[in-house]
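Remarks on the structure that follows.
Computed from the coordinates by the stated procedures, all read-outs in this text should not be read as laboratory data. Everything numeric in this text was worked out from a predicted model, so none of it was measured. FYI the Cβ positions are ideal-geometry reconstructions off the backbone, even for glycines, and counts take in every protein chain you see.
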Amino acid sequence: MASSGFRHDVFEAIADPTRRKILHLLAEREMSIAAITECFSLSRTAVNKHLQFLSDAGLVISQKAGRETRYQLQPEPLVELKLWLAFFEHYWDEKLSALKKFIESDQND
């Protein structure tokens, strides 16, 4: 399910808890790598690798601002995840509805 032009897909990108936390941070505001690194007990190099992974999946973009690189969330690729989850939400709604009917019919007997 990889998006064209990207090396990693959204599912791979969000599989890691550190990358999910980075996405949460960037959802609030654009941040420099230094500011992101302060939120973790990881090296700048490790954070940079996570940011590169997210960039490869199309979830973040970066731009130079003077001497620093600033990162910004690009939520559009998350639509793929939302659609995938929506399928299973529908599945579970049906299963729970069937369970409810079964329990109610069993109580009426």
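GNM on the chain, alpha-carbon springs under 10 angstrom: the most fluctuating residue among LEU26, LEU54, LEU42 is LEU42.
Dipole magnitude for the chain: computed about the Cα centre from +1 point charges on Lys and Arg Cβ and -1 point charges on Asp and Glu Cβ, it is near 720 debye.
One quarter of the surface of the convex hull around the alpha-carbon atoms of the range 35-109 equals 8.0 nm², the direction-averaged projected area. Cross-link partners of LYS64 among lysines, defined as those whose alpha carbon lies under 27 angstrom from its own and excluding same-chain residues fewer than eight positions apart: LYS21, LYS49. Springs between Cα atoms under 10 Å define the GNM used for the chain, and in it the highest mean-square fluctuation of ASP93, ASP16, ASP56 occurs at ASP93.
Restricting the calculation to Cα atoms, the range 17-71 yields a radius of gyration followed by a Dmax of 10.1, 30 Å.
Looking at the calculated P(r) for the range 4-43, what percent of the C-alpha pair distances fall above 14 Å?
Across the range 4-43, Cα pairs with separations above 14 Å total 53 percent.
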